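A.B. asks: This is the structure I have questions about; it appears just below.
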Amino acid sequence: MSDTSPEHSRTPGAVVHVAHKRPVRLMHHDASERPFIVIWEVTRACQLVCTHCRADAIRTRNPLELTTDEGRRLLDDLASFGSPRPLVVLTGGDPFERPDLPELVAHGTKIGLSMALSPSVTDRLTRSVLVELRDAGAKAVSLSLDGASAETHDAFRGVEGVFDATLEAASTVREVGLRLQINTTVTRGNVHELPRMLKSVLDLGADLWSVFFLIPTGRGKQLEPLTAADEEEVLHWLHDVSTLVAIKTTEAPHYRRIAIQRAGVDALDDAFPVGPLRSRLRHDTAELLTGQEAPRRPRPPIDVNSGRGFAFVDHVGVVYPSGFLPIAVGSVRDQPFPEIYRGSELLQGLRNPDGFGGRCGQCEFRTVCGGSRSHAYATTGDPLAEDPSCLFQPVLGHGLGGEAQRP
Ligand code: SF4
């Protein structure tokens, strides 16, 4: 793999690839010792009724939610991992339903955590609350955009007017000086809108586009995920446009496999033949974008996966490998988070790709990808099974080593 692939253009799509150092960012610490990122679902309350909601959100707060004091203790435990401390994302439901949110953000910031927020777009998301949270130390806000028009996005979110409100909220997030992340859930229903959503992401000046590949869990069971073949094409298209905005994928770790496969061979037009879906996405992208978009150095995806650098704490303190892998590994009400993170048998299993089933256990990319454990679990009931959402056929086979064979 080349470390510095030369600058060259791609057609169509006005996509320009610029030199990059590494196709995947590796963590600088041992992922079995400390997480890179922890998502805390501070509440399940939310005024929206999104079709794909992982949390099956409800209108009112659960009285059993972690209290402010318990939340502060959780943050203390996260800070106790030491430097580099995990990134902390407060999500929901809608975290803005919690009146103590500024206090939690201020506490996390004071003890050295980098705090980010993932609110729903409701009347609670106002400029003054964003300013208050920024002043409390919040660094970034992520907002969901699941359609390129009011029609599709509002249908997804279950409330009329959310699309326009999201665009307005995104501008406000940037105006008050917070970093903006746009989250998009891809399904069969909205995949053809991706180029138009990309344009919105660029127009909004987002710092990061997080593209989530639907897991049939929660209310997401009502929507149709992409086929593995279409997912492969979308991941290639995302790589095509990764010179325009920083891209991260959720529940598609094989984006890292694609980033590695394409490093150094992008000049060869036929190295990865363009299928019908990617072809259409590229065509639509070329039509929509002016070609004036400044190319940037692609931000390589980071090598984290469920339970391996990543963990999720729900509203009552139960810990999971991710928000889409509903197997509890402990509760912060019974045990400090670091003990759960380091000691859980399941989390240890998720950090050992040699133990994965099927193609994932045989794959030469297993240490840097490992497959979506949530997809494996949702499909087979076994979190260590093969990820059916990936098309790749391993060629090297098992036994070629772990870290030493990292692609
Ligand atoms: S087979 Fe599994 S480990 Fe290999 S690239 Fe696909 S998802 Fe990743």
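A.B. asks: Suppose we keep only residues that are modelled with pLDDT of 95 or more and among the hydroxyl-bearing types (Ser, Thr, Tyr) within the range 198-226. Which one would you say is surrounded by the most Cβ atoms within 10 Å (Cβ to Cβ)?
C.D. replies: Ser200
A.B. asks: Moving to a separate point now. Considering every residue within the range 89-101, establish whether at least one is surrounded by fewer than 18 Cβ atoms within 10 Å (Cβ to Cβ), modelled with pLDDT of 95 or more and either in a loop (DSSP other than H, G, I, E, B) or over 22 Å from the mean Cα position of the chain (by Cα) (or both).
C.D. replies: For the range 89-101, residues surrounded by fewer than 18 Cβ atoms within 10 Å (Cβ to Cβ), modelled with pLDDT of 95 or more and either in a loop (DSSP other than H, G, I, E, B) or over 22 Å from the mean Cα position of the chain (by Cα) (or both): present.
Residues checked against (1) within 30 Å of Pro225 (Cβ to Cβ); (2) at pLDDT below 95:
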residue: Pro23; (1), (2): yes, yes
residue: Leu26; (1), (2): yes, yes
residue: Trp40; (1), (2): yes, no
residue: Arg44; (1), (2): yes, yes
residue: Cys50; (1), (2): yes, yes
residue: Pro63; (1), (2): no, yes
residue: Ser80; (1), (2): no, no
residue: Pro84; (1), (2): no, yes
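A.B. asks: Also, I was wondering about something else. Collect the residues in the range 357-391 that are among the hydroxyl-bearing types (Ser, Thr, Tyr), within 17 Å of the chain's Cα centre (by Cα) and in a loop (DSSP other than H, G, I, E, B), keeping them in residue-number order.
C.D. replies: Ser372, Ser389
A.B. asks: I'd like to check something: does the range 315-330 contain any residue that is more than 8 Å from the ligand (Cβ to nearest atom), within 16 Å of Ala31 (Cβ to Cβ) and part of a helix (DSSP H, G or I)?
C.D. replies: So far as the range 315-330 goes, no, none of its residues is more than 8 Å from the ligand (Cβ to nearest atom), within 16 Å of Ala31 (Cβ to Cβ) and part of a helix (DSSP H, G or I).
Matching residues to (1) free of Cβ contacts under 8 Å to residues at least 40 places away in the same chain; (2) closer than 20 Å to Gly309 by Cα; (3) within 7 Å of the ligand (Cβ to nearest atom):
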site: Phe365; (1), (2), (3): no, yes, yes
site: Cys369; (1), (2), (3): no, yes, yes
site: His375; (1), (2), (3): no, yes, no
site: Ala378; (1), (2), (3): no, no, no
site: Cys390; (1), (2), (3): no, no, yes
site: Pro394; (1), (2), (3): yes, no, yes
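A.B. asks: Just to be sure before I move on: is Thr109 under 23 Å from Ile58 (Cβ atoms), among the hydroxyl-bearing types (Ser, Thr, Tyr) and surrounded by fewer than 19 Cβ atoms within 10 Å (Cβ to Cβ) in the structure I sent?
C.D. replies: When the stated conditions are applied, Thr109 does not pass them.
A.B. asks: I've got another one for you. So which pairs qualify, if the first residue must be in the range 174-198 and among the β-branched types (Val, Ile, Thr), the second must be part of a helix (DSSP H, G or I), the Cβ gap must be under 6 Å, and the two must be at least 6 apart or on different chains?
C.D. replies: Every condition considered, the pairs that remain are Val176/Leu130; Val176/Val131; Val176/Arg134; Ile182/Val201; Thr184/Met197.
A.B. asks: For the range 118-138, indicate whether the set of residues that are in a strand (DSSP E or B) and either within 25 Å of Gly82 (Cα to Cα) or at pLDDT 95 or above (or both) is non-empty. Give the derivation first.
C.D. replies: As a first pass, look at the range 118-138 and keep what is in a strand (DSSP E or B): none.
Looking for residues that are in a strand (DSSP E or B) and either within 25 Å of Gly82 (Cα to Cα) or at pLDDT 95 or above (or both), one finds none in the range 118-138, hence no.
The values are calculated or read from the model by the stated rules, or taken from the named source; none is laboratory data. On a predicted model such as this, the values are computed, not experimentally measured, just so you know. When we count neighbours, we look across all protein chains shown, and the Cβ atoms used for this are built from the backbone with ideal geometry, even at glycine.
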